[in-house]
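What follows is calculated from the coordinates using simple rules that are stated; it is not laboratory data. These numbers come from a predicted model, not from an experiment. Positions of Cβ are backbone-derived with ideal geometry, glycine not excepted, and every protein chain shown enters the neighbour counts.
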Amino acid sequence: MKAAYLISFDTLLITPTQHEGQLVSQIIDKNFETVVLRKPIYLIRKTCLTLGMSYEMARKNAKSFFTNQHKLPIVIAHHYGMPCIFFPTLSPSSPHNSWIGLHAVKRIDPIGEGCILTLITNQRITLDVSYTTMLKQYANATLLYRHFKKEQQLLVHESLF
């Protein structure tokens, strides 16, 4: 159990859970699993601020690309030019919302009314989110990733001339 946690490329999934009647975060990391005594949205906001951008600015950047959409994926940070993108399963303000790292997804499979998320570590997580919604969220996160990589290439190309 931890009091604080900084999201990184090692972070695969942040999901809400209850601990002693309080909403906290279950973290699945490449190397370990832990519970952090904060809500998932707090960890997202705190990591954005710690790494140099507010959560609101991260949402604004995503919104400028997607225009009028809800449940936007966001770029949490950059690491050697690679955007670290997380996407929500539900509305970010929902207490049931989980955040998934784009880099963490190996497979998404339908199961009943929900889906099974297979992480790059081969862990299988059952989510109470429709398969269609998860595919859309994953696709949006992928589009955002491609957009940022394209913008980055344009900046590098322009700086060479």
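Just how far, in whole angstrom, is the range 1-38 from the range 80-107 if you go by their alpha carbon centroids?
Going from one Cα centre to the other spans 13 Å.
Expected output is a single nm value to one decimal: the length gained when fully extending between Glu113 and Leu155, i.e. 0.36 nm times separation in residues minus the C-alpha distance. What is it? Write down the numbers at each step before the final one.
Values: separation 42, 0.36 × 42 = 15.12 nm, distance 4.33 nm.
Length gained, Glu113 through Leu155: 10.8 nm.
Counting Lys and Arg as +1 and Asp and Glu as -1, what is the net charge of the other residues whose Cβ lies under 11 Å from the Cβ of Arg38? Intermediate values should be presented prior to the final figure.
Working: positive: Lys2, Lys39, Arg45, Lys46; negative: none.
Result for the local shell: +4.
What lysines sit close enough to Lys71 to cross-link, taking a C-alpha to C-alpha distance under 26 Å and skipping anything fewer than 8 places away on the same chain?
Partners within reach: Lys30, Lys39, Lys46, Lys60, Lys63, Lys106, Lys136, Lys149, Lys150.
Just want to confirm a number: the relative contact order over the range 11-160, from Cα pairs under 8 angstrom separated by 6+ residues, in percent.
Values: 254 pairs, mean separation 26.6, N = 150.
Reported as a whole number, the value is 18 percent.
Exposed loop sites here are GluC sites (Glu not before Pro) in DSSP loop states with at most 16 other C-beta atoms within 10 Å. What is the longest stretch of the chain lacking them?
Details: sites that count: Glu20, Glu113.
Answer - 21-112.
Within 10 Å of each residue's Cβ, count the other Cβ atoms and sort Leu127, Leu6, Leu154 from fewest upward. Numbers along the way, then the final one.
Values: Leu127 20, Leu6 13, Leu154 10.
Final ranking by Cβ density, sparse to dense: Leu154, Leu6, Leu127.
Please give the contour-minus-distance gain from Asn31 to Ile120: 0.36 nm per residue of separation, less the Cα-Cα distance, rounded to one decimal in nm.
Working: separation 89, 0.36 × 89 = 32.04 nm, distance 1.17 nm.
Extra length available between Asn31 and Ile120 comes to 30.9 nm.
Once the Cα atoms of helix 55-66 and of the chain are each reduced to a long axis, what angle between those two axes, in degrees from 0 to 90 to the nearest 10, is obtained?
60 degrees
Could you tell me how many degrees, from 0 to 90 and to the nearest 10, lie between the Cα long axis of helix 40-50 and the main elongation axis, the longest principal axis, of the Cα atoms of the chain?
With rounding to tens, the tilt is 30 degrees.
Of the chymotrypsin sites (Phe, Trp or Tyr not before Pro) in the range 1-110, which ones lie in a loop per DSSP and count no more than 10 other C-beta atoms within 10 Å?
On the way: sites: Tyr5, Phe9, Phe32, Tyr42, Tyr55, Phe65, Phe66, Tyr80, Phe86, Trp99; in loops: Tyr5, Phe9, Phe32, Tyr80.
Here the chymotrypsin sites (Phe, Trp or Tyr not before Pro) that fit, given the DSSP loop and packing criteria, are Phe32, Tyr80.
Using 1/(1 + (r/R0)^6) with R0 = 25 angstrom and r between the beta carbons of Ser8 and Thr142, what's the FRET efficiency to the nearest 0.05? Spell out each step's value before the answer.
Numbers: r = 20 Å, r/R0 = 0.79.
After rounding, the FRET efficiency stands at 0.80.
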